[in-house]
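S.K.: Before I ask anything, here is the structure I am working with.
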Amino acid sequence: MTSLKTLDLTTAGGAAWTVHAVEGPAPDGLIGRAVAATVPGEVHTDLLAAGEISDPFDGDNESKLHWIGRTRWSYRTTFSWVADSNDRQELVAEGLDTVATVTLNGRELGRTANQHRSYRFDVTGVLVAGDNELVVEFEGPVTAAEAERAKVGSWPHTNLHPYNELRKMASNFGWDWGPDVATAGIWRPIRIESWSDVRIAAVRPLARVDGTDGADGVLTTYVELDWTDGAAGEATVTIEVGGTQQSTTVAPGTGTVELVSTVAEVDVWWPRGYGEQPLYDVTVTVNDDDWHGRVGFRNVTVDVAPDNNGTPFVISVNGKPVYVRGANWIPDDAFVTRLTADTYRTSVQDAVDAGMNLLRVWGGGIYESEHFYDVCDELGILVWQDFLFACAAYSEEEPLWSEVEAEAREAVTRLSKHASLAVWNGNNENIWGYVEWGWRVPLAGRAWGAGYYLDLLPKIVAELDPRTPYSAGSPYSFDQFIHPNDDRHGTMHIWDVWNQVDYTTYRKYKPRFVSEFGFQGPPAWSTLTSVVHDAPLDPYGEQMLVHQKAFEGNLKLERGLGEHLPKWKDIDDWHWTTQLNQARAIAFGIEYFRSLFPLNTGAVVWQLNDNWPVVSWAAVDGHGIRKPLWYALKRVYADRLLTVQPREDALVVAAHNDTDEVWTTEVTVARRSTGTGGDVLAQETFAIEIAARSAAVNDLPASVAVPKDATSEYLEVRAADGTTAYWYFVEDTSLRLASDAYSASVTPTGDGYDVTVTATALAKDVALFPDRLDAAARVDSCLITLSAGESHTFHVTGTSAPAVDLGVPVLRSANDLVG
């Protein structure tokens, strides 16, 4: 028996690739001219590296490059292969984007039509000793999608292009936060495998806990085998995990082997905030082929059993309900092949540092890189994984049905090992779309995707990953006779806020679980001005609107100010006001949702990250700078939260203790003057004792809850352990805020500088923007409210810029907008 041998055909493996335009609306001189290519990679990044195009993110270049998505592209390499004594040789392509014809030495191996799956081509007898030529030719993705629509018919969809005709990343065709840069290319590794007799086709190690802490871990491992036609002799399948080893011998032709391993007194995996994240190495060996992975032993359930309030949505891990503090995740770069293990870790760390415990991989993106799931395993971030359907109807006819089944089986098999995987979700908003978005007339009775969400996908999950719960969609009420976006049932998306109504409308709902809601704001100033070059800079400038993809987005930013904040006077005020309003809107919603606990069991904000520099709903912008929203999320996603909420005609202090310890502290509520000196006008103190993972509500007496002058008073709520909250009786446009409420001093440090702000009156939402001085500078805090006599120090790092006197627009507050 000869060992499996692999020949890496990626650029890192030594293969030299070129790409050229075959036909289409490419610029003169580019058709037929080869340029160097990187594999894995994409046409856009190859052309950019070769100097053939300008940065697609800069200015209005995006529209100038739409020809790329309508051009046919050919990737080509010549490689040398040394013949061996193995029986079979295969070309393995882990990801081709998307409609491609694969040719080796002039012979067509096959055609592909799915970015979301891998392909394996038998090249035995086609591969030759010595030089071989491999060609992968891609149809222009926009042209291919339109051609498929012309052939099989049109299904309703959002946005410009018929992305739902192809199994390709939907947002790659443009979204209301992302550029229209429809790509083509060999986007994941490609190689030659040579083997004999038997190989490991796939491994599904499903880890669970038999009981709770201190109990046994049970690992049921399914090993799928692939055999050559003339395979002779048995194969020995061995698995090692947690110091245990199991082996079995199987006859030729055996398709799947099941092995059960027990790890006594296993260390249980928990999401962050609930325990540790121990991971166990797993090795599977079949003769001379092996597979390596990691598992964490945990049990996950979702409770959707009807109760007296409707239908809950409660994710539990190892029997403990988890209050979800999460965010939606989109592809972290419009050109996903630029992402690395380090970039994924940095972005997931943004979620951890904000107090999150769940990321939802949204259905318009991709099944993410192993780097993403690995770091979620390590850091205790639960993963809600959408199947890749978003905001559209989808044909259930061939060939799409078979492609969906193939990709789903591969995705579930690949991801089922991850301890962080908590929910499989059938689609994003498609059930809601069918009910409410006017699809039924153009569909004219045709199937639209329900067969995937209600039949095919749940069956695949039940077969391949029965340990992980499945939801048919988001939003979804878990009953086909209830509107899918009913706040009383299951999961809910709240988008009338932002699109139509003021953010105070959040309080009109009593959602069981909010899996999407959001509010826009611009990226950091340095990020914005790195790509927008309008002169003068204006919210409605030509290039600014290129980087604002939402329908009437900047008008909604303006309308969304409502009575909360005044309209800006200049572009600097526009930037600060809209960033501040974004942060306040989302904080308002989350504080309210948490005040409903245990009726409400979680919130997943739209969205954590951006895939380019853009005005969007993200908390972290396309250059990785944390926006004011991120700091607001860190506050309202804290383990322990105090918030003042109106209940009927009274005010209450709601406290949510999302820890495993009893929260015992003394809370002081002071009604204070906003003016110089910040006089305490009334004060009440009470003790709270809140059990682990519980909440309580305390009524406020009229002495503090009723102001004498609402325009010049506020409530300061301060717990002895440092937890704080504030309440304002009027909006900032009516609130008397001193324009000279604070002073600032600068102190150089070894890694940057400190800025200390000291308040003489109420200083509301003080924020420092050091990237205005140096785009590399980062600050550790933001949106700090100070009562008279208090100080706060902002620590700035990552800059060699000298310390300077600070003022507007570097140091901002609500005071300088209304004072």
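S.K.: Mind giving me the nanometre distance, one decimal, between the label points for residue 256 and residue 406, set 7 Å out from Cα along Cα→Cβ?
M.R.: Calculated label separation equals 2.0 nm.
S.K.: Take each of the peptides 155-165, 579-589, 522-532, 644-654, average the number of other beta-carbon atoms within 10 Å over its residues, and list them starting from the highest.
M.R.: On the way: 155-165: 20.9, 579-589: 24.7, 522-532: 22.6, 644-654: 15.5.
So the peptides 155-165, 579-589, 522-532, 644-654, ranked by packing, come out 579-589, 522-532, 155-165, 644-654.
S.K.: For the range 16-136, what does the alpha-carbon gyration tensor say about shape, rounded, prolate or oblate, given a ≥ b ≥ c as the root eigenvalues, a/c under 1.5 as rounded, and a/b over b/c as prolate? Don't skip to the end; give the middle numbers.
M.R.: Working: a/c = 2.49, a/b = 2.06, b/c = 1.21.
Prolate, since a/c reaches 1.5 and a/b exceeds b/c.
S.K.: If we sort 775-782, 93-100, 603-610, 317-324 on the protection proxy, mean other Cβ atoms within 10 Å, highest first, what's the order?
M.R.: Numbers: 775-782: 18.0, 93-100: 24.2, 603-610: 26.0, 317-324: 19.8.
Result, highest mean Cβ count within 10 Å first: 603-610, 93-100, 317-324, 775-782.
S.K.: Oh, and also: Consider all pairwise Cα distances in the range 515-578 and report the whole-number % of them above 19 Å.
M.R.: Working: 574 of 2016 pairs.
Distances greater than 19 Å cover 28 percent of the Cα pairs.
S.K.: Moving on to the next point. Amide H of residue 382: which non-local residues (sequence gap of 5 or more, or other chain) have their own amide H closer than 5 Å, using H built in the peptide plane?
M.R.: 272, 358, 359
S.K.: If we count every other residue with Cβ under 14 angstrom of residue 84's Cβ, Lys/Arg +1 and Asp/Glu -1, where does the sum land? Don't skip to the end; give the middle numbers.
M.R.: On the way: positive: 5, 88; negative: 87, 90, 193, 197, 288.
Summing Lys and Arg as +1 and Asp and Glu as -1 gives -3.
S.K.: Moving to a separate point now. Round to a whole angstrom and tell me the spacing of the C-alpha centers of the range 323-354 and the range 61-85.
M.R.: Using only Cα atoms to place each centre, the spacing works out to 28 Å.
S.K.: From Cα coordinates alone, what are the radius of gyration and Dmax values for the range 538-693 in angstrom?
M.R.: 18.9, 56
S.K.: Something else about it: Could you check how much of the accessible area of the chain is carbon and sulfur, as a whole percent, using a 1.4 Å probe? List each step's numbers first, then the result.
M.R.: Numbers: 14130 of 29330 Å².
Carbon and sulfur atoms account for 48 percent of the accessible area of the chain.
S.K.: With a ≥ b ≥ c the root eigenvalues of the C-alpha gyration tensor of the range 440-488, is it rounded (a/c under 1.5), prolate (a/b larger than b/c) or oblate? Before the final figure, lay out each step's value.
M.R.: Details: a/c = 3.47, a/b = 1.33, b/c = 2.61.
It is oblate, given that a/c is not under 1.5 and a/b is not larger than b/c.
S.K.: Just how far, in whole angstrom, is the range 425-474 from the range 589-668 if you go by their alpha carbon centroids?
M.R.: Computed from Cα coordinates, the inter-centre distance equals 30 Å.
S.K.: Something else about it: For the pair residue 120/residue 676, report the inter-label distance in nm, with labels modelled 7 Å from Cα in the Cβ direction.
M.R.: Placing both labels 7 Å beyond Cα along the Cβ direction yields 7.9 nm.
S.K.: While we're looking at this one, here's another question. Do the sum for the chain: with -39,500 (n - 2.57) for every DSSP H run of n ≥ 4, divided by all residues, what is the mean residue ellipticity at 222 nm, to the nearest 500 deg cm²/dmol? Walk me through the numbers on the way to the answer.
M.R.: On the way: 17 runs with 146 residues, N = 819.
Only helices count here, giving -5000 deg cm²/dmol.
S.K.: Grab the beta carbon distance between residue 147 and residue 398, set R0 = 22 Å, and tell me the FRET efficiency rounded to 0.05.
M.R.: Values: r = 17 Å, r/R0 = 0.76.
Efficiency at R0 = 22 Å is approximately 0.85.
S.K.: Here's a follow-up. Would you tally the net charge around residue 751, using a Cβ to Cβ cut-off of less than 14 Å, leaving residue 751 out, and scoring K and R as +1, D and E as -1?
M.R.: Overall, the nearby charge balance is -2.
S.K.: Please compute the per residue accessible area over the chain with all protein chains in place, 1.4 Å probe, rounded to a whole number of Å². Let's see the in-between values first.
M.R.: Numbers: 29330 Å² over 819 residues.
Here the per-residue accessible area is 36 Å².
S.K.: Same structure again: Please state the relative contact order of the range 381-520 as a whole percent: Cα pairs under 8 Å, 6+ residues apart?
M.R.: Details: 213 pairs, mean separation 32.2, N = 140.
Dividing the mean separation by the residue count of the range 381-520 yields 23 percent.
S.K.: Would you give the gap between the C-alpha center of the range 721-790 and the C-alpha center of the range 165-225, rounded to a whole Å?
M.R.: 45
S.K.: Given the Cα atoms of the chain, and with Rh set as the inverse mean 1/r over their pairs in the Kirkwood sense, what is Rg to Rh to two decimals? List each step's numbers first, then the result.
M.R.: Values: Rg = 28.4 Å, Rh = 28.7 Å.
For the chain, the value is 0.99.
S.K.: While we're on this one: Can you give me the angle between helix 571-595 and the longest principal axis of the chain, using Cα atoms only, in degrees from 0 to 90, rounded to the nearest 10?
M.R.: With both axes taken from Cα atoms, the answer is about 90 degrees.
S.K.: Another question, if that's okay. Counting Lys and Arg as +1 and Asp and Glu as -1, what is the net charge of the other residues whose Cβ lies under 13 Å from the Cβ of residue 25? Intermediate results must be reported in sequence, preceding the final value.
M.R.: Details: positive: 64, 70, 72; negative: 23, 28.
That works out to +1.
S.K.: If I fit a long axis through the Cα atoms of helix 400-415 and take the longest principal axis of the Cα atoms of the chain, what angle between them do I get, 0 to 90°, rounded to 10?
M.R.: The angle comes out at about 70 degrees.
S.K.: On a 0 to 90° scale, report how tilted helix 141-152 is relative to the longest principal axis of the chain, with both axes built from alpha carbons and the result rounded to the nearest 10.
M.R.: With rounding to tens, the tilt is 70 degrees.
S.K.: Loop-only check: which GluC sites (Glu not before Pro) in the range 526-635 are DSSP coil with at most 11 other Cβ within 10 angstrom?
M.R.: On the way: sites: 542, 552, 558, 563, 591; in loops: 552, 563.
Of the GluC sites (Glu not before Pro), the ones in loops of the range 526-635 whose Cβ has at most 11 other Cβ atoms within 10 Å are 552.
S.K.: Contact order normalised by length for the range 1-73, with contacts defined as Cα pairs under 8 Å and 6 or more residues apart; what percent is it?
M.R.: Working: 83 pairs, mean separation 23.8, N = 73.
It rounds to 33 percent for the range 1-73.
S.K.: Let a ≥ b ≥ c be the square roots of the eigenvalues of the Cα gyration tensor of the range 625-726; is it rounded (a/c under 1.5), or, if not, prolate (a/b larger than b/c) or oblate? All intermediate terms of the calculation are to be shown ahead of the outcome.
M.R.: Details: a/c = 1.92, a/b = 1.30, b/c = 1.47.
The shape class here is oblate.
S.K.: Same structure again: Can you tell me the relative contact order of the chain? Whole percent, Cα pairs under 8 Å, sequence separation 6 or more. Kindly include the intermediate steps, with their values, before the conclusion.
M.R.: Values: 2006 pairs, mean separation 71.5, N = 819.
It comes to 9 percent, rounded to a whole number.
S.K.: Quick one: the Cα spread of the range 586-629 along its three principal axes, in angstroms, biggest first?
M.R.: 37, 16, 13
S.K.: Next question. Would you mind calculating the gained length between residue 288 and residue 444 on full extension (0.36 nm times residue separation, minus the Cα-Cα distance), in nm to one decimal?
M.R.: Numbers: separation 156, 0.36 × 156 = 56.16 nm, distance 5.54 nm.
Using 0.36 nm per residue and subtracting the Cα-Cα distance, I get 50.6 nm.
S.K.: Continuing with the same structure: Have a look at the range 131-189 and give its Rg and Dmax from the Cα atoms, expressed in angstrom.
M.R.: 13.5, 48
The values are calculated or read from the model by the stated rules, or taken from the named source; none is laboratory data. Everything numeric here is computed off the predicted structure, so don't read it as measured data. Here Cβ is always computed from backbone atoms with ideal geometry, including for glycine, and neighbour counts include all displayed protein chains. With ligands, DNA and RNA removed, areas are computed over all heavy atoms of the protein, side chains included. Shrake-Rupley method; radii C 1.70, N 1.55, O 1.52, S 1.80 Å.
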